[in-house]
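A.B. asks: One structure is given below, represented as structure tokens, and several questions about it will come after.
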Amino acid sequence: MAEPILQVRNLVKHFPGNRPGETIHAVNGVSFDLIPGQTLGLVGESGSGKSTIGRCVVRLLRPTSGKIQFGAHDITTIGEGQMRPLRKEIQIVFQDPYSALNPRMRAGNLIGELVKLHSDLGPQARRERVAALAARVHLNADLLTRFPNELSGGQLQRVCIARALATNPKVIVLDEPTSSLDLSVRAGILELLGELQRETGVAMLFISHDLETVQLVSHRILVLYLGFVIEDGPANAVFAKPSHPYSQALLSADLPPDPDVVLDRQILQGEVPGPVNLPPGCAFAPRCPLARDECTGARPPLVGVGENHHAACVRIADGTNDIRAAQIAAAGDIHKKFQDQFVRRTT
Ligand SMILES: Nc1ncnc2c1ncn2[C@@H]1O[C@H](COP(=O)(O)OP(=O)(O)O)[C@@H](O)[C@H]1O
Ligand SMILES: [Mg+2]
């Protein structure tokens, strides 16, 4: 496998809370690698720290601690002067393309602005580069004279992707890039991203709360809960064999129901607890249907559950980490109780 282009190690990001002395633990020791030509999917419910991680990677935010190694540089510690030439290497695309763009600039100039910022091309060469970028993202050349409010959501996101590509980046962070778009437009954008990755070998960090989308685009997946990685692995393995009870619950909310056992979808109802007072043990323990005493003691480490596949649950050690199996067992118990009663009554 190719060498990672970007390595994140033990990333921690705290924000000051609303009350004096309060700390919001948004990201709590997250590590991952981005590989050229591959996409890492970052999933988790709203508030799990996905955007904060993305913003640290492009250094819109300074982490509280941890390392983000890009080539020879730890971009968490270098000064703004050293960071400037690296900014073009690590780009970001946001969820809402309209608010990411200056409404007073035409699409062509919005793309041209980025070309100009990071190259010394003359006006003619620049225009050609803008036209080439528009073609790359399948944006009709006629649209380049339009203002953002004259373009559709999908067209605007293509403008944003063209801007991100304008600097030939090695890494693109995509923070819910299709969440604000109509379903019919999403597939086109996802297809475009895959095509661009195959052409350029760019590494992508794809952030989404939508599992279906993440499964479509990701090579690897990282499942976040309250700023902790609770599972990571090859996309296929995580979807085929989710091993943390939280991943199982998250996936069950999306997958077609098993006709034999209906997994309890109640688990993920209600709010994620706020990251102000972190639970002392497993962050998911307060909502976990399988939690036992030791889950609220120490924080469980990630342990191997398959090839390059890890999950952080104490029940993995004795193989009792499967919600579905636990529910089948519980259903079996009820069935048995009912049978016993039935037998007693009829004899
Ligand atoms: N600038 C900020 N100031 C204070 N709290 C923040 C800030 N940005 C994010 N948070 C908090 O950090 C946590 C993680 O947020 P975020 O990274 O946006 O999650 P996600 O993208 O997964 O929804 C949330 O509790 C959020 O309220
Ligand atoms: Mg977010």
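The values are calculated or read from the model by the stated rules, or taken from the named source; none is laboratory data. Source: prediction; values computed, not measured. Quick reminder, even Gly has a Cβ in these numbers, built from the backbone with ideal geometry, and neighbours come from all protein chains shown.
A.B. asks: Search the range 190-210 for residues being within 14 Å of ligand 1 (Cβ to nearest atom) and of a type outside the set (S, T, N, Q), and hand back the single one that is nearest to PHE70 (Cα to Cα).
C.D. replies: Going through the qualifying residues, I end up with LEU205.
A.B. asks: OK, next. Testing LEU268 on (1) modelled with pLDDT under 90; (2) farther than 16 Å from LEU224 by Cβ, one condition comes back false. Which one is that?
C.D. replies: (2)
A.B. asks: Right, another one. Which one is nearest to ARG55 (Cα to Cα) among residues in the range 74-122 that are touching a residue at least 12 places away in the same chain (Cβ under 8 Å) and within 16 Å of ligand 2 (Cβ to nearest atom)?
C.D. replies: So the residue we want is ILE92.
A.B. asks: I've got another one for you. Please indicate, with yes or no, whether at least one residue in the range 199-213 is within 16 Å of ligand 2 (Cβ to nearest atom), under 30 Å from PHE15 (Cα atoms) and among the acidic types (Asp, Glu).
C.D. replies: yes
A.B. asks: Right, next: With modelled with pLDDT of 95 or more, more than 8 Å from ligand 1 (Cβ to nearest atom), touching a strand residue (DSSP E or B) at 6+ places or on another chain (Cβ under 6 Å) and β-branched (Val, Ile, Thr) as the only criterion, which of THR52, THR23, THR39 stands out? Show your work before the answer.
C.D. replies: Values: THR52 fails: more than 8 Å from ligand 1 (Cβ to nearest atom); THR23 fails: modelled with pLDDT of 95 or more.
It is THR39.
Every residue, every condition in (1) of a type in the set (A, V, I, L, M, F, W, C); (2) assigned by TED's automatic domain parsing to the domain that holds ALA135, yes or no:
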residue	(1), (2)
GLY54	no, no
VAL57	yes, no
ARG62	no, no
HIS73	no, no
LEU86	yes, no
ARG104	no, yes
ILE111	yes, yes
LEU114	yes, yes
ASP120	no, yes
